[in-house]
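Laboratory data are not the source of any read-out in this text; all were calculated from the coordinates shown. All values derive from a computational prediction rather than experimental measurement. Cβ placement follows ideal geometry from the backbone for every residue including glycine, while neighbour counts extend to all protein chains displayed.
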Amino acid sequence: MRNSLDSAALDAALENVHHAGMPGLFAEVRDGDQVWRGAAGVADVATGRPVTADLRHRVGSITKTFTAAAVLQLVESGRIALEAPIGRYLPGLVPAERGDAVTVRMLLNHTSGFAEYLPYAYPSLKAFPALADTGPESFDDHRFTRFDRTDLIEMGLTAPAFGPPGGTPGLYSNTNYLLLTELLEQVTGTTAERHITRNVIERAGLRDTAFPDGPHVDGPHSKLYESWFGMVDPPRDYSVFDMSWVGPSASLISTVADLNRFYGKLLAGEIIGPDALAQMQRTVPVVSQEGKVIDYGLGLHPMEGPGQGVFWGHGGTVWGGGALAMTRADGERQLALAVNMQRWNRLDSTGTPQPHPVDEALATLYRVAMGG
C-alpha cells in the first residue's frame, strides 16, 4: 500500500487551493520515512507576509482527540469507567435522570443527546444552523469575553435536547467535551489543560503544541480570516480571540508536524493501549455541525482514502481558521493541513451554502495527499 510522495503534485494541489480563493494554507504529508512540507499564499493579506509550513495554528476540535485520549488513559487505569453514568462523577453538573442515563462513552461519541451551547453563547448565532438568519456581530462583541465553562455547559444542558441518551444519530456538540474536561478535573484534581499537557502532549513528544494562556497565539502564526458565508466582506482577522468559548474541547494551538506526530503515536499504541484504541475506533452515526451524518468514534472519525484504506483523525475550525489531520490505519501515510479562512461559501436564497472553487481544490489536495 506504500506510495512514494509526489512532491510536484502536492505543490500544485496546494497552490490550486490558494488560487481558488484561500488566502493561505500549509501542510505536511508523510509516507513512511518520506516527508513533504508545503505552503501557499499569505499569512497576512495586508502585508503579503507568506505562510510557511512551520507556523503555529489554532486547530479547533482536533483538540477533542487529545481530550478523549486523556479520558481513555484514566479508563485504562480504572479511574473512569466508559459505561458509568456521568452523574456518578459530576452529580452537581448533570443531576437526576440525565446524570443516570448519560454515560462517559455517550459524551465521547456525541450520543448524549445534549444540545450545542454555541448558539446560546453567541446571540447573533441564535438561529444556527439556520445560517441565513445568523450574523457575524457576536464575533466582535465576544473577542475578549471570558466565558465560564460551567455557564456554557448549563446552556447546553438547559437547551432542548437533541434526542434521548444513547440515541443515534447523535449530535456533534461541544457541550459533551466541556463535560469531559470537567470529568478530567474531578478525577485528577488538576486542570484539564495541565493534565492533557502532561499525559498526552508531553507523552507524544510534541514541542509546539499547547493550550493558550490568553487571546494571542504565541510564536509565528498566520492571521485567521472569517467570512461567515460572505457576511463579513472582506473577511476579517480573528486570530486574536479569547478561546474560553470552547476551552479544552477545541482551543489547542499546534503545528502540522506536531499533529502528524501525535496521530502517528496514537495509532501506534504509544498514547493509549490497543484495547483503548479499539474503543476509540468504534463508530456511531453523528450529525455534524454542517448537518451531515458522519461516522464518529471516541474523539476520532474515519475518512476513506482513495484506494488506500481507512484514515483516522479529526478536523477542527475556529473563527477564521481550520485544520485537518488524518493518519492511515497502518500509521504509514499521514496528512496534516491548516487553512487561514473559514466559511468561504456564499448562501443561496434558502440559506444553503453554495459550492465554491475552494471545496473542489481541497478535495483534490486530500486525494493527492492520501496517495490517490
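Here are the numbers for this structure:
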read-out	value
Convex hull per residue volume in Å³, alpha carbons only, for the range 19-156	197 Å³
Dipole of the range 266-372, positive end: most advanced residue of G309, L337, M326 [Cβ charges, Cα centre]	L337
Surface/4 of the Cα convex hull for the range 85-155, nm²	5.6 nm²
Value of relative contact order over the range 50-100, rounded to a whole percent, pairs C-alpha under 8 Å and six or more apart	19 percent
Two-decimal log10 I(q)/I(0) for the range 1-80, as the Debye equation yields it once each C-alpha is a single scatterer, q = 0.16, 0.17 Å⁻¹	-0.77, -0.82
Relative exposure of M106, M303, judged by other C-beta atoms within 10 Å (fewest first)	M303, M106
Computed [θ] at 222 nm, deg cm²/dmol, the chain (DSSP H ≥ 4; -39,500 (n - 2.57); rounded to nearest 500)	-8500 deg cm²/dmol
Residues R143, R37, R149, sorted so that the one with the fewest Cβ neighbours within 10 Å comes first	R143, R37, R149
Charge dipole magnitude, Cβ of K and R +1, D and E -1 - the range 193-232, Cα centre, debye nearest 20	140 debye
Semi-axis lengths (Å, descending) of the ellipsoid that matches the C-alpha gyration tensor of the range 78-199	26, 19, 11
Fewest-first sequence of T350, T67 by Cβ atoms within 10 Å of each Cβ	T350, T67
Distance from the range 75-119 to the range 1-67 (C-alpha centre basis), Å	36 Å
Calculated FRET efficiency for the pair S7/A161, C-beta based, R₀ 35 Å, to 0.05	0.10
The range 151-285: equivalent-ellipsoid semi-axes (sqrt of 5 x gyration tensor eigenvalues, Cα, Å)	26, 24, 17
For the range 7-369, average projected area of the Cα convex hull in nm²	16.5 nm²
Selected from H110, L125, M155, residue furthest toward positive end of dipole (the range 100-163; charges at beta carbon)	H110
q = 0.21, 0.28, 0.33 Å⁻¹: log10 I(q)/I(0) that the Debye formula gives for the range 223-268, counting C-alpha atoms only	-0.87, -0.98, -1.05
Geometric extent, Cα atoms of the range 182-241 - Rg, Dmax (angstrom)	16.2, 46
Kirkwood Rh, Cα atoms: Rg over Rh of the range 301-372	1.03
